[in-house]
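Have a look at the structure below, then the notes.
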Amino acid sequence: MRALRDPFFRRAVWTVLAVVGWAGLLWIGSLLASLEPPRVGDDLRILVDAARRLVDGVPLYSTTRAGDSLVAESLFYSYPPPVAQALVPVSALPFELILVLWGAGATAGLLLVARLVGRPLCGLVLPTLALAPYTMPFAVALLFGNLDAWFPLAFGLVLVGVVARTRCATIAGGVAMGAVSMAKLHPVTLGLWLVARGFGLRRREPEIALAAVALVAGLGIVSASLLVGGIGPWTGYVAFLRSGAAAADLVGRLNIGPASHAALLLGLDDGTARSIQVVVLLAALGLTVAAGWRVRDPVVSFGIATTASLVVLPVTWVHYPVALIPVALAAAARAPEGTLATVGGLLAAAIVVVATAVVAPPLMWVAVVLVLVAAQVSGRAAQEPAGDPVS
């Protein structure tokens, strides 16, 4: 036990875990790369190919004819035009280099958030680096080059913007929220949470200010997209939503959204699942408002709102809960020494559970609950008044 209190020993343990974990992740990546066709970076390849189509003047989207169907698990470009447009400057680079830069940037963003939420005497950067490859949603996002690999940075900056209550944090959080909302759509519900929290606490800083910055950032991205590419990509996107997205088969094992798995369990068809999704959407929006209005603890409130944002669309993939990593980091950062073992145990259990989600995807929600409980336990132990910084 004395060795565990030695900072040099702890640093050595984290370093060994990091080397083993990242070596293992690189090995898995090499196996995926050796397949024919290569599977490593599949999701990023879709984005890069879309950027290259823009350069060649080829339409971004394919429409679906009446009677056709798209399987939700199939690979096709379904993001708004700014995502492909943002990748145009690097689209001429070799794909392997783009994938490496993508993964390195997303990992650096994760470590930045760990640094921002950690207290001066609570070094989270090395433990975060060590545990990242073992955290299945983040590891999967890196291996396939998914856009969600940037969720820890984007959602983390929003959380820091709320708890730090400084002008720089507010601007950074607002810009991050505007960008991720334009790219993935569902994070836009965090704006509803910010407004509800701002009015619930009877203050305009930083919640209302952050929401305003996010709105301006989102409008700025749309304006830049129209300026660079004109209206064509956006009309194609609307046509895609009307045809391909409406025809997609959303019920599947890997879609862990409540509507999808309710349909699977009850043997319902895709049309009924879409009807269930309307109820899920309304419940998620209600939970978002309630979390902002009623839950004073900023970390717990944000965790609930983030969880709700993951189910507002009909598809929720197993790597989406990577957005809750900032909540886990904040829980660990503020836990007093007497509670750190409990909080750490809950977070470790969450990592173990998400690993089992490879064979049983719905278990991902158990891990989400464990993270939220860790945030609640750490908040109560720290006895922080609502709105105080994480650190």
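Any read-out appearing in this document is the output of simple, stated calculations on the displayed coordinates, not a laboratory observation. All values derive from a computational prediction rather than experimental measurement. Reconstructed Cβ throughout: ideal geometry from the backbone, glycine too, with neighbour counts over all protein chains shown.
For this structure, a couple of remarks:
- Added length on full extension, which subtracts the Cα-Cα distance from 0.36 nm per residue, LEU265 to LEU201: 19.0 nm
- Difference of contour (0.36 nm per residue) and Cα-Cα distance, ARG10 to ARG296: 99.5 nm
- 0 to 90° range, to nearest 10: angle between helix 7-34 axis and the chain longest Cα axis: 10 degrees
- Degrees separating the helix 189-200 axis from the principal Cα axis of the chain, which is the longest one: 50 degrees
- Max mean-square fluctuation residue, GNM over the chain, Cα-Cα springs under 10 Å, options GLU207, GLU36, GLU96: GLU36
- The fewest-to-most ranking of ILE256, ILE276, ILE28 by surrounding Cβ atoms within 10 Å reads ILE28, ILE276, ILE256.
- Placing +1 on each Lys and Arg Cβ and -1 on each Asp and Glu Cβ, with no other charges, gives segment 68-199 a dipole about its Cα centre of roughly 720 debye.
- Max mean-square fluctuation residue, GNM over the chain, Cα-Cα springs under 10 Å, options LEU190, LEU110, LEU54: LEU54
- A Cβ-based charge dipole, computed about the Cα centre of segment 162-263 with Lys and Arg at +1 and Asp and Glu at -1, lands at about 320 debye.
- Dipole magnitude (debye, nearest 20) for the chain, charges at Cβ of Lys, Arg, Asp, Glu: 1100 debye
- Here's the picture: charge each Lys and Arg Cβ at +1 and each Asp and Glu Cβ at -1 in segment 41-382, and of ALA262, ALA348, SER378 the one pushed furthest to the positive end of that dipole is SER378.
- Degrees, to the nearest 10: 207-229 long Cα axis against longest axis of the chain: 30 degrees
- Largest mean-square fluctuation among ARG334, ARG115, ARG202, in a Gaussian network model of the chain whose springs join Cα atoms under 10 Å apart, belongs to ARG202.
- Of ALA217, VAL175, LEU192, farthest towards positive along the dipole that unit charges on Lys, Arg, Asp, Glu beta carbons give segment 134-238: LEU192
- Leading residue at positive end of dipole, segment 41-382 (Cβ point charges), from VAL251, PRO206, TYR77: PRO206
- By the helix-only formula, in which each DSSP H run with n ≥ 4 contributes -39500 (n - 2.57) and the sum is divided by residues, the chain has a 222 nm mean residue ellipticity of -22000 deg cm²/dmol.
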